[in-house]
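Accompanying notes for the structure given below.
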Amino acid sequence: MTENPVLEAQWQNVCRQILSESKDSVLNGWLSQITPQESADGEICLSVPTRFMQEWLQTKSYDSLICSLW
């Protein structure tokens, strides 16, 4: 969970949209491990616990989907 409540609310909204459109049953577990972080220049970075998870999200094109929904 992020320290910024607005950022957290935006992230939860993105997650709801993805889950409502996806048939991937394990996706909720993956999304729950992602933490949005706001950088000093105002950009949003998504923090994931492992490199494997980062590559999995990119391979499945969820990174592009998340960006489009944000």
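The values are calculated or read from the model by the stated rules, or taken from the named source; none is laboratory data. All values derive from a computational prediction rather than experimental measurement. Note: ideal-geometry Cβ built from the backbone for every residue, glycine included; neighbour counts use all protein chains shown. Only protein heavy atoms, including side chains, enter the accessible area calculation; ligands, DNA and RNA are left aside. Shrake-Rupley method; radii C 1.70, N 1.55, O 1.52, S 1.80 Å.
Observations on the model:
- Selection count, region 35-62, where residues are under 19 Å from Glu8 (Cα atoms), out of contact with any strand residue (DSSP E or B) (no Cβ under 7 Å at 6 or more places or on another chain) and surrounded by fewer than 13 Cβ atoms within 10 Å (Cβ to Cβ): 5
- Top-ranked residue of region 35-66 - restricted to ones that are part of a loop (DSSP other than H, G, I, E, B) and among the polar types (S, T, N, Q), ranked as modelled with the lowest pLDDT: Ser39
- Residue list for region 9-34, restricted to those being open to solvent by less than 100 Å² (accessible area, probe 1.4 Å), within 17 Å of Ser68 (Cα to Cα) and outside any loop (DSSP other than H, G, I, E, B): Ala9, Gln10, Trp11, Gln12, Asn13, Val14, Cys15, Gln17, Ile18, Leu19, Ser20, Leu31
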